1. Under 8 Å for C-alpha pairs, at least 6 residues apart: give me the relative contact order for chain A, rounded to a whole percent.
2. If you filter the stretch A:435-469 for trypsin sites (Lys or Arg not before Pro), then keep DSSP loop positions with at most 13 other Cβ within 10 Å, what is left?
3. Near the axis that takes chain A to chain B, which A residue has its beta carbon closest, and at how many Å?
4. Along its three principal axes, how long is chain A when you only count alpha carbons? Whole Å, largest extent first please.
5. Placing the label point 7 Å from Cα along the Cα-to-Cβ direction, what are the distances from B:Asp134 to the equivalent spots in the other copies, shortest first, in nm to one decimal?
6. For an R0 of 60 angstrom, estimate the FRET efficiency from the Cβ-Cβ distance between A:Gln260 and A:Asn175 and round to the nearest 0.05.
7. Looking at the stretch B:154-192, which residues lose a minimum of 50 Å² of accessible area between their chain alone and all protein chains in place, measuring with a 1.4 Å probe and not counting ligands or nucleic acids?
8. Please state the charge dipole magnitude for chain A, taken about the Cα centre, from unit charges on C-beta atoms (+1 on K and R, -1 on D and E), reported in debye and rounded to the nearest 20.
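The values are calculated or read from the model by the stated rules, or taken from the named source; none is laboratory data. What you see is a predicted model, and the numbers here were worked out from it, not measured in a lab. Here Cβ is always computed from backbone atoms with ideal geometry, including for glycine, and neighbour counts include all displayed protein chains. Side chains are part of the model used for accessible areas, which takes the heavy atoms of the whole protein and leaves out ligands, DNA and RNA. Shrake-Rupley method; radii C 1.70, N 1.55, O 1.52, S 1.80 Å.
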Protein chains: 2
Amino acid sequence: MTLSQIDEEVAKLLQLKAQLGGDEGKHVFVLKTAKGTRDYNPKQMAIREKVFNIIISCFKRHGAETIDTPVFELKETLTGKYGEDSKLIYDLKDQGGELLSLRYDLTVPFARYLAMNKITNIKRYHIAKVYRRDNPAMTRGRYREFYQCDFDIAGQYDAMIPDAECLKIVYEILNELDLGDFHIKVNDRRILDGMFAVCGVPDEKFRTICSTVDKLDKMAWEDVKKEMVNEKGLSEDVADRIGEYVSMQGGQDLAERLLQDPKLSQNKQACAGLTDMKLLFSYLELFQVTDKVVFDLSLARGLDYYTGVIYEAILSQTIPAPAEQNGADEAGVSVGSVAGGGRYDGLVGMFDPKGRKVPCVGVSIGIERIFSIMEQKAETSSEKVRTTETQVLVASAQKNLLEERLKLTSELWNAGVKAEVLYKKNPKLLSQLQHCEETGIPLVAILGEQELKDGVVKLRNVASREEVDVPRADLS
Amino acid sequence: MTLSQIDEEVAKLLQLKAQLGGDEGKHVFVLKTAKGTRDYNPKQMAIREKVFNIIISCFKRHGAETIDTPVFELKETLTGKYGEDSKLIYDLKDQGGELLSLRYDLTVPFARYLAMNKITNIKRYHIAKVYRRDNPAMTRGRYREFYQCDFDIAGQYDAMIPDAECLKIVYEILNELDLGDFHIKVNDRRILDGMFAVCGVPDEKFRTICSTVDKLDKMAWEDVKKEMVNEKGLSEDVADRIGEYVSMQGGQDLAERLLQDPKLSQNKQACAGLTDMKLLFSYLELFQVTDKVVFDLSLARGLDYYTGVIYEAILSQTIPAPAEQNGADEAGVSVGSVAGGGRYDGLVGMFDPKGRKVPCVGVSIGIERIFSIMEQKAETSSEKVRTTETQVLVASAQKNLLEERLKLTSELWNAGVKAEVLYKKNPKLLSQLQHCEETGIPLVAILGEQELKDGVVKLRNVASREEVDVPRADLS
């Protein structure tokens, strides 16, 4: 039994005990959030808002609309979409009525939405929480409830233009979030399949070998090869041939070179993928993002539904995650990967009664990972994160001025000024100034008998302590 | 069996059939969202964003922070908080681990958050979805998944100051949303309890008589009285005495008059409530909102946890809701009510192991009702709702200029301009202009051989058809 399983069992037993009345009939509450979930406190929300604003601005700059779907879907809608991972889906209790499950990602609901509304082209983003009964590693930003942040372009268009825009978007967002240097690996499912074919991998082993290749970002080639040979039953020859290809990295030049490769050039799939890769790089050149994009034959990505180009963005230097007991192996999994996506031309057709396809390409921003990094940055930075936007606190040094303070505050609100007032009849000036220091309010509007008589307000700059009298009429 | 129950049974059977493989082994998908839920399409999202922006700006103007909590809580956290309505809570399936339920409102998670983090004062808003297995009436904006939009002030403060701010906030939001005339009813739980006591209602019947009084907004007094006498077992005398009080409406003057009432003035609870009501109105006067606020002794509000002032905002003229089969009676329930709240000083203490109380007052904006009204307004209005913010479409009338179009689009993005380009090698100018008309893009940047040679872009105003050449360098 792991520690977290024990915690869960204890929580369950305490709940049961509380329901039974506990000892001496006292109600024992378990004061916690569900396993793998967290509250966002105001500071975390302020960071979350900042990140969302940057990302949403980018999506809007690219002309995207947004949609939202319910947090749960018919269980049937999710069935058969996630392979083995289906066991991680949260089901709702059968309380009569339909059988429901919490959404596992935003892509399947998007495909369901397109098919249901017979939409054949749309450029949309969707930012919402999804749910996985996974083993949480919360200090590294892995939760059972977490945000996904998806941008997708659906529609029948000329090759690689929307695909290039997705990469441009990743580039812009990572630049603006200021997370340090990064690079974006690009590959194509058709190139992978063609490569496996010419290396001599039997058709039925493409997917499983693909998932072994996917481990190259956290395992040495020697170990990957061992898995191919010992577990997946490839011959050493075949594995070595794969090994040659997956060590290749480059740009448009590599695509051109591989189009001349005596073996790959004989494979239809590979040729189609390589030709598109060349085209993609020519568009990326126009978008001025090739400095960060690498054509990398070892990039495989796990999901079954990809049919064309795939990509993944990786941060070069990541802030080290706090140590945890789950083993060093796991720690490597998500280090640095902050966005990923690709083309999936078959998924919508799975929902259409007549199987009509809607080609799609999209990208998912790994927002929880980004939150974690931003939170760690905020903690080590000397700058304080403000959780309110209040511009001015209405205050007084004298007694019996509550009514005047409320009146002035109301005037400020009516003028659109973000203002606060302490909910006390006669607060001390010191505690009013302290409230400003603690919450970062830059200005205090001080009222006293003299100011009221003169029709002014004393505006005090909290940081510099400078004071200036402002005519009351100028404030609203 | 009702029609909706039959629909549900059919959906369930079809799901089962699909799981079993259906006829001829074909997979039959039920292409729908779960009962009582809906997708938001881009147009609905644009309206939702507009409404949220107005409301959030108001909350921020008043110095509020925001928090978020998980969509599910330990089942135990929700137990014993909602009385009879507990049957409407969605439970998650027991898949091992903790027993979980979807949140039913935002107030209980807020109280759990305060107790768990030992927070004794905060001013926060929380906008999020909540879940109720209720009978949906979706055309009237009643769903099983719906937004709540709560603003609450927690902390030990001088009487009625935060309470007055909550009312000011309701006033500001309803004004800014421009939903037509409205008024806000105010009452106090202590005044209601005092009134029941002096009218001769036995203590143990306070709550049940309270919920009968609550029906006065949709039932005539004669019917309410019948319920009190025939169902709740009050004598006619007692009911008539209640009837006299609950017909009273007024302002500060009414509070003053009732403080002189020979019976009420003898009741400690009522006096405390009436004194606070007087104070509340004096603050509302300073906030200049008394033109819309009515002290109304018939306002009761259903929830058990209120301990002091309560209020509800009602639109005077509502856009008539589409007819539905569920009976005219039900249609009246929510007509016009778009915000409500009150003081609940005991709730946080229910979560604290030592029962420490944190006084709270808050308001919930009936955002789904507001969405419905705004959507109906948008449909009857001639103005088109834009779902993107794109400022300019990069276009060409000539062939073979895809690369130039992509290059210019990228320059615009880099300069922060919201720009789109069609994903076609050689789109017709007409279809490019049509895209602008359909989506409301105001400008087209047209590129041709001549413009490229001259180093300019032809900017065309879609509405006026005016064209002007702009030097390329001025664009970015």
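1. This gives 14 percent for chain A.
2. Values: sites: A:Lys453, A:Lys458, A:Arg460, A:Arg465; in loops: A:Arg465.
Listed in order of number, the matching sites are A:Arg465.
3. Per the A/B rotation axis, the closest residue of A reads A:Lys93, 2.
4. So the three principal-axis extents are 92, 67, 46 Å.
5. 3.5
6. Working: r = 35 Å, r/R0 = 0.58.
After rounding to 0.05, the efficiency reads 0.95.
7. B:Asp158, B:Ile161
8. On the way: 64 positive and 74 negative charges, 238 e Å.
Charge dipole of chain A: 1140 debye, to the nearest 20.
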